[in-house]
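Structure record follows, encoded as structure tokens.
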Amino acid sequence: AIETFRGLEVDAACVVAYGQILKREVLDAPRLGCFNLHGSLLPRWRGAAPIQRAIMAGDRRTGVQIMRMSEGLDEGPILLSEILDIRDDDTAGSLGERMSHTGASLWPRALAAIERGAVEGAPQIGEPTYAKKITPAEARIDWSRPAAEVDAHIRGLSPFPGAWFEAPGDDGPVRIKVLMSRVAPEGRGPAGQVLDGTLRVACADGAIQLLRVQRAGKAAQSAEELLRGFSLPVGTVLPPSSSEPPRGER
């Protein structure tokens, strides 16, 4: 494969979310080098899931950067950057969509500068953090966390893999994904308790309003639509988080 790549005699190689660390023989094959578009402000969130991890951590801003690839994990010098704000209602899906348009606009500018020899690349500065791959087990909602953290967790995992909780059903626990939420202005109770008929749930401090949900095997719907056909009485306490992965993903 390396010899085939060399034989193409390309000027530059450009990757996005490629998922592999390239060997030196590959990095050296293109005349101008190999370049990667990454979805964070490096060295923060090197690795597999930078968009999700930034939202889950409560970051207020992120960015799109083009780097010259090295043999390390997202360690190369930065050639071009654009900063983006992370909005209160951003999900991984909505933020990723905005970042994709920004990233697309960066490539022509970066490649033109690379071809002219007009960009050297700046070394990454600061302590790196790592955006490890999302595991199925950590997608389960932990109601014992503060409401702002639960909200960030939900939005950071939406639409995929989707943060989830289990609710009591007629034939046993029912898994429900939460695709959108917001911190509720008021509400307090034991962690995981359903506080009213709009699917407001108590957390460690305050409560969270669930807005868009999806039952296993069903289409996504609003919380209001869910409650028309699925009973979650006020006072129900949803089971706590568990280290066990969801059924079917063990």
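No lab work stands behind these numbers, since they all come straight from the coordinates. Everything numeric here is computed off the predicted structure, so don't read it as measured data. Methodologically, a virtual Cβ is constructed for each residue, glycine included, from the backbone with ideal geometry; neighbour enumeration extends over all protein chains shown.
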* To do: Would you give the gap between the C-alpha center of region 168-225 and the C-alpha center of region 15-29, rounded to a whole Å?
  => 43
* Structure fact -> Packing-ranked peptide list from 176-183, 190-197, highest mean Cβ count within 10 angstrom first, is 176-183, 190-197
* State the dimensionless ratio Rg/Rh of region 137-229 (Rg: radius of gyration of Cα atoms; Rh: Kirkwood radius). => 0.93
* Measure nothing but the geometry: give the 0 to 90° angle between the long axis through the Cα atoms of 92-116 and the longest principal axis through the Cα atoms of the chain, rounded to 10°. => 10
* **Stokes-Einstein D (µm²/s) once Rh is taken as the Kirkwood radius of region 2-131 over alpha-carbon pairs, at 37 °C in 0.692 mPa s** => 216
* Highest mean first, what order results for 15-24, 40-49 on Cβ atoms within 10 Å? -> 40-49, 15-24
* To do: Give, rounded to the nearest 20 debye, the magnitude of the charge dipole that the chain has about its Cα centre when Lys and Arg contribute +1 at Cβ and Asp and Glu contribute -1 at Cβ.
  => 180
* Under 28 Å Cα-Cα from residue 23, which lysines qualify once same-chain neighbours fewer than 8 residues away are excluded? -> 132, 133
* Structure fact -> Calculating Kirkwood radius over Cα pairs in Å from this structure picks out, from [x] 20.1; [y] 20.8; [z] 19.1, entry [x]
* To do: Report the longest stretch of the chain that contains none of the GluC sites (Glu not before Pro) sitting in a DSSP loop with at most 14 other Cβ atoms within 10 Å.
  => 121-185
* Roughly what angle does helix 147-156 make with the longest principal axis of the chain, taking Cα atoms, 0 to 90 degrees, to the nearest 10? -> 50
